[in-house]
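Visitor: Sharing a structure here in structure tokens format.
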């Protein structure tokens, strides 16, 4: 489902008319209709007010279910981690952060190497 479809569906689930929604987020009804038709997108500030008005997360309005977040295998591991004590969780957080930093460093090194190997014009 696309953003315009999710916006319209959530508005309707909340029992709001287009006019009520437009008033709540501070836009003209014709602008809200454009958002729901997909012909234009809200500014970040209007998007923020929309999320608050609908009482949903930004992710819920932007992404399909399962489009973001870990795959099923990692979800199971994260569930298991939640059962660990504070010290064990902290140790795992440190390991995860370290691996992510190593990954970023590798990416930056590869990008710099690629950039340095480009011919000078």
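Visitor: Quick one: which residue in 82, 97 is exposed (fewer than 10 other Cβ atoms within 10 Å of the Cβ) and either free of Cβ contacts under 8 Å to residues at least 24 places away in the same chain or outside the structural domain of residue 10 (by TED's automatic domain parsing) (or both)?
Guide: Just one listed residue meets the conditions, 82.
Visitor: Assuming residue 39 fulfils every condition listed in (1) modelled with pLDDT of 85 or more; (2) in a helix (DSSP H, G or I) apart from one, which condition is it?
Guide: (2)
Visitor: Is it the case that some residue within segment 12-27 is free of Cβ contacts under 8 Å to residues at least 24 places away in the same chain, surrounded by fewer than 13 Cβ atoms within 10 Å (Cβ to Cβ) and within 16 Å of the chain's Cα centre (by Cα)?
Guide: no
The values are calculated or read from the model by the stated rules, or taken from the named source; none is laboratory data. Quick caveat: nothing in here was measured; it's all calculated off a predicted structure. Note: ideal-geometry Cβ built from the backbone for every residue, glycine included; neighbour counts use all protein chains shown.
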